[in-house]
1. Out of the residues in the stretch C:283-297 meeting the condition of being outside any loop (DSSP other than H, G, I, E, B) and modelled with pLDDT of 85 or more, tell me which one is nearest to the other protein chains (Cβ to nearest Cβ).
2. Working only within the stretch C:113-151, note down all residues that are within 24 Å of residue B:273 (Cβ to Cβ) and either within 12 Å of the chain's Cα centre (by Cα) or more than 8 Å from chain B (Cβ to nearest Cβ) (or both).
3. Specify the residue that is modelled with the highest pLDDT; the eligible residues are those in the stretch B:280-323 that are exposed (fewer than 15 other Cβ atoms within 10 Å of the Cβ), assigned to a loop (DSSP other than H, G, I, E, B) and out of contact with any helix residue (DSSP H, G or I) (no Cβ under 6 Å at 6 or more places or on another chain).
4. How many residues are in a helix (DSSP H, G or I) and either surrounded by fewer than 24 Cβ atoms within 10 Å (Cβ to Cβ) or more than 9 Å from chain C (Cβ to nearest Cβ) (or both) if we restrict to the stretch B:257-268?
5. For the stretch A:82-122, give me the residue count where each residue is more than 11 Å from chain B (Cβ to nearest Cβ) and either modelled with pLDDT of 85 or more or in a helix (DSSP H, G or I) (or both).
6. Assess whether residue B:35 counts as being surrounded by 18 or more Cβ atoms within 10 Å (Cβ to Cβ), more than 7 Å from chain C (Cβ to nearest Cβ), farther than 26 Å from residue B:259 by Cα and of a type outside the set (Ser, Thr, Tyr).
7. Which of the residues that make up the stretch A:227-268 are in contact (Cβ under 8 Å) with a residue 40 or more places away in the chain and β-branched (Val, Ile, Thr)?
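The values are calculated or read from the model by the stated rules, or taken from the named source; none is laboratory data. All values derive from a computational prediction rather than experimental measurement. Using ideal geometry, Cβ is built from the backbone for each residue, glycine included, and neighbour counts are taken over all protein chains shown.
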Amino acid sequence: MPSASLVFQSVVLGVLLGGLYALLAAGLTLYFGVMRVVMIAHSAFLILAAYLAWYAHREIGVDPLLTLFVTVPLFFAAGVVMQRLLLTRLRPATLTMMSVLLTFSVALVIEGLLGYAFSGTQRRIRLGYSSASIEFFGARIAVVKLIAFGMAALALLGLYVLMKRSRFGQALRATIQHPDAARLLGIDTDRIAGYGFGLGLATAAVGGTALSLDTTIYPSLHWHWIGPLMAIIVVGGLGSVPGAAIAAMTLGMLQSLLQLELSTTWAQTVFYVALFATLAVRPQGFFGGRLAQRF
Amino acid sequence: MRSGSDTRWLRLGVLLVAVALALSFPSMAPSPYEITVGIAILNYAVLSTSWNFVGGFTGYISLGHGAFAGLGAYGTGLLVTKAELPPFAALFAAAAVVAALAVPVGYAALRVRGASFVIVSIALVLILLLVFQSWASLTGGSRGLVVPRPFPGMLRSEHHRTFYFLFLALLAVALLVWWVIDRSRFGMGLKAIREDEDKAQSLGTPTFTYKLVVFVVSATFTALAGGLYALWFGDLDPVFQFSILSGAYMVLMALLGGVRNLYGPLLGALVVGYALEYAKVEFGDTPLHLVVAGLLLGVVVTFMPDGVIPAATALLGRFRRTGETSIREVTAAELRERREENDTTEVSSERSST
Amino acid sequence: MSRTHRTRRTHGGIAAGTLALVLVTSGCISGSGSGSGDSADDPIVIGVSLPLTGDFSEPGKGVERGYKAWAKIVNDNGGLLGRKVELKILDDQSNADRVVSDYEQLIGRDEVDLVFGPFSTRLVVPSARVAEEYGMLFVEPAGAAPEVFQQGFKNLFYAAPAVANDHYNHLAEYILAMPEGDRPKTVAYAAMDDPFAQGTANGLKDKLEKGGVKTVADEVYPPNTTDFGNIAAKIADSKADMVVGGTQYQDGVNLIVALQQLDYQPKMAAFSTAPTEPEFAKAIGNKTEGILAPTGYTQKADYPSNKEFVEKYTEQFGKAPEEDEANAYTTGQVVAAAVEAAKCASQDPDCQKKLVEWLRGNTVETVVGPLKWDDKGRPQSAHMIQQWVGGQIQIVLPDAQKEADLIYPKPKW
C-alpha cells in the first residue's frame, strides 16, 4: 500500500500534468469545433514550439518563457494560413477523414524537418532552477512544473475569457454551434474558422514552451502526446472545450495515481481504456453532446 | 459484343503475362537481396490491398491497420512458441483469433463515423503497443520475440524464394476476394455506404452489419500478411510491429494507387516502396524520408484523393473526350460539385446509362 | 456495357504495368556489386548497417565515428594483409526491418568481404541471424543484453569487456564486502525498458538480493518516457539507501533531476551510461559528487593501442573518444586480428570459418584490454566502476586500476 504522502504527491503531479493536457486538448477541440478537423499535427507543432524555445535558449540564452512573444503570434499566423491554404482545399463531403491524413502528413513533415535540423538527439533545456522545488503540505513541487502549470492555466483562462466575453468569441462559438445560422447572421464563418484554427495552434505554442521547461524533447515525441490528447477530446465530447478540460484533468490524475500500483507503461493505457469505454457506453462523450453525436 | 470478347481476351493475355513475370521474378533475381526487396513490396501490396477492403469499399479511413498486422504477427509467433502449433496452422489460427477480435473492435469503432473512427483506429495501435511492451512475461516485451523458422535447415536464399511465392499467393487471394466482393450485391451495399451512409440505410441496406463484415475480412487479411511476415522475418519487436507509421503507409499506398481500383493498392505499394528506397539512397542518413512520405501523402490527399489511376484515367479521358465513367467511379462529393457547376442533365444521363 | 469493359481493360493494363515496374524497380535497385574479385590490390570492403537516423541515432553516430577512425588508422598503417580497407555504411533508420534488409544487401548484392555489427541489442539479434545464416563472422559493438547470447549464434562475438548483467560486478562485490551495519540495506531500481539498460540494473539486483540487500522499489519505464516525476516520487517515498538506474543518457539525467526536485538523498547512487557522458555534469547542474557508473572504456587506459586510438581519433574528430566509439574501434581490432591470423578476408565459407575458429581460441589485445570469449560469444572481462570525485569522473573499482577512493556515503545533491 503506498503511503499517504506518496498518494498526495501523485495527486499534485496529476493536477500539474492534467493542466497541460487540458490546454492542449482545448486546442484540438477548437479545430474540431470550427472545422470538423481532427488535427493530428497538433502535437507536432507542440514539439516544434518546444524546439524553438530550446533553440532560442541555447543560441541566445533567453529564458524559454520569452520565446512565447514570438511563437504565439507565429503559430497563430501559421494556423490561419494552414486553414486557408490547405484545409479549405479538401472536399466538404470527405473533409473529416481527409483532414486527418492531411494533418498527419504535416506532422510527418515537421518531424522529418526537426530531425534534419536538430538530429534525433534528446534535448533538454538547462535552467538554473531546473532542480529547485518548493514544499506544499508535505509534497514537493518542482518550480518548473509549477511554472508550466501556471502557463497552461493562464492560457486556458485567457481562452475562456476570449470565447465568453469578446465579440470574436461570440462569433467563434456561433460558428462552432451552427455554421449555417452563423452565416445567416452575417458572420464571416470562413474568416472566423481561420482565426479559430490559429487560436488552436497558439495553444500548442504555449503548451510546447511549458513542456520544454521540464522534459526532454526529440522529434518523434509527438506520437507520445497525440494518443492521449485524442482520447481526451473523445471522452470529453468532441467539440466541447470545458468537456476536454475536465476529461484532461480527470485522466491526467488517474494516470498519475495508477502509476502508484502499475508500471508507467500500463498506467498510460488508461487513456485508451477510457476512450473505448466511452465509445461503448456513450459515443458522444461525457461532457459534449450534440456536436459529437452528429459526427 | 464482339469487341467485348476481344478486350476480354486482351485482358486475359495481359494478366497471364503479368502473372508469368511475377512468377519468374525470383529466378531472374541476381541475388537473394532482390528477392527480399520483392517480398517487402509484396508485403506492402498485401497490406494495402487488405486495408482497401475497408478503405475502398466503405470510405472509412483506418490509420490503425498496423495493429492487425502486429496482432497477426505476434499471434502466429506466440502460437508457434508457446502453444507449439505447426507454423502454418499457427498462421491461420492467429488470423482466426484476429478476426474474432476484430468483431468487438469493429463494433466499437464503426458505431461512430468520421473523426471518432480514425481516433479509435489510432488508439488501437497505441494501446496494443503499450500492452505488448508491458506484458513482457507473455510477449517478451522489449526483448522481442523470436519466431522459429518454419522450414528448418532450408538455405536462406531458398527460404526467401519460398516466402516470395507464399506472399504472391496471399496477394492473389486478397485480390480475388476483393474482386468478388466488388462484383457482388454485398459490394454494392458497401459502396452505397461510402457514397451516402444515411441514404443507404434508409434504402434498407443493413449498413452496420455490412461494415462490420468487411472490417473483419480486412482485419483477417491484414493479420495473415502480418503472420506470414513473422514466419519469414523471425524477429518481432512491439515498437516495429505496432507502429502508426506502418498503418499510415498502408493508407498512403492505397490512396496513391486509387482506392476504387482492384490494382490501386498494388500500384501504390510499388510507388511508395520505391520512393522510400529512393529517399533513403538519395538523402542518406537524414530523416528526410519522413518529409518525402509526408509530402507525398499531402499531395495525394489535396490534389488526387481518388488516386493516381483515376487521375491518370481522367487525364486520358480528357484527351479522348470521353471523360465519363460509370457512376460507381464517381464520388458523391464529385457529383455534388458537378451538380452545382453544370446542368443536371449530364448527371441524370449518366445515371440512366448504368 | 462498353464502359465496364473499358475499365476492365485498364485493370489488366495496370496489372501488367505494375509488374513491369516491379522488374524495373528491382533492376534499378540491383545495379553492380562492388567487391567480387579478390585480387591483392582490391580493397577489403566491410559492410555495416548503423542507426544514423531515428531513435538510436546518437549512439549510432558514435559507433560510425569509431569505425571510421579504425579504417583510417588501419589504412594509414598500410592496410590489412596489404590491402586497403573500405567501409560501406548503410543507415537502418533504427528499424529492425531495415537492418536485416541492409545486411542482405551488403552480403548478397554488394558482396562485401566482411561485416561489422550494428548498434543496439534490438537490432543486433535480427542482423546477427542474417550473418549467421550466410556463414559470416559477426563481431558487434553493442549487443550486451543476455538475449543476444541465447540465440545459439555460432559466429557472434561481442567486442567489449563484459555483457550488460556483469557491468556492476565490482560494485556488487564491494557492497557485499562492506560491514553489515555500514552497507546500504535497501535499494530502489529504475530501468529503461530496453534489454541493455535493464540488463545492467537486473545484474546488480540479482547479486545484491542474493547477498541480502532488500529491493524496495523496482520501476521499469518505456524508452519514450520524458516525465520522471511519478517514478522519482515512488523511489523517494521508498527512502531506499541506494538508488540504481538502468539508464542510457537522457533518461538518466531526467531521473536524477526529478530525484533532486524531490530532495531525495540516497547514500549511494549508481547509473549506467549517463554519468560517463561529457555533458552530464552540466545537464544535472554540476551536482555530481559521488555518482557511480560502470564503464568498459577509459581514455586513460595504458593499453598500447589505446594511446594511438585516442591520439588519432582526437586528431580526426577534434574530441576524445567515448565508450561507443571505443567499442566500435574494438570491433575493428578484433576482426583485424582474426584476418591477420587467418590470412584471408572474403565471403568464402572456408575463410569465414577460419576467422570464427581463430577468435574462439585466442585472446585479442584491444583498446579496452585483452579480450577473449566463451562459446556463446560472451566476453570474459569486467567493467570498471567510475565515480564522480572532486568534480571529475574517476575509476574507483577495481583496486588495481583505481584513480581515487570510493566515496561513501554519497554527499548531498
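1. Kept after step one, since they are outside any loop (DSSP other than H, G, I, E, B), are these residues of the stretch C:283-297: C:283, C:291-295.
Next, from what is left, pick out any that are modelled with pLDDT of 85 or more: C:291-295.
On the way: C:291: 14, C:292: 19, C:293: 18, C:294: 21, C:295: 21 Å.
Applying the filter and picking the extreme gives C:291.
2. C:118, C:122, C:123, C:127
3. Going through the qualifying residues, I end up with B:284.
4. Here is the first cut: in the stretch B:257-268, the residues in a helix (DSSP H, G or I) are B:257, B:264-268.
This time we only want the ones that are either surrounded by fewer than 24 Cβ atoms within 10 Å (Cβ to Cβ) or more than 9 Å from chain C (Cβ to nearest Cβ) (or both), so: B:265, B:268.
Number satisfying all stated conditions: 2.
5. As a first pass, look at the stretch A:82-122 and keep what is more than 11 Å from chain B (Cβ to nearest Cβ): A:82-84, A:121-122.
This time we only want the ones that are either modelled with pLDDT of 85 or more or in a helix (DSSP H, G or I) (or both), so: A:82-84.
Qualifying residue count, the stretch A:82-122: 3.
6. Numbers: surrounded by 18 or more Cβ atoms within 10 Å (Cβ to Cβ): yes; more than 7 Å from chain C (Cβ to nearest Cβ): yes; farther than 26 Å from residue B:259 by Cα: yes; of a type outside the set (Ser, Thr, Tyr): yes.
So residue B:35 passes the test.
7. Narrowing the stretch A:227-268 to residues in contact (Cβ under 8 Å) with a residue 40 or more places away in the chain: A:227-257, A:259-261, A:268.
Selection gives A:232, A:233, A:234, A:235, A:241, A:246, A:250.
A quick yes/no check of all residues on (1) within 23 Å of residue C:324 (Cα to Cα); (2) under 16 Å from the mean Cα position of the chain (by Cα); (3) of a type in the set (Phe, Trp, Tyr):
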residue	(1), (2), (3)
C:159	yes, yes, no
C:164	yes, yes, no
C:171	yes, no, no
C:178	no, no, no
C:203	yes, no, no
C:209	no, no, no
C:212	no, no, no
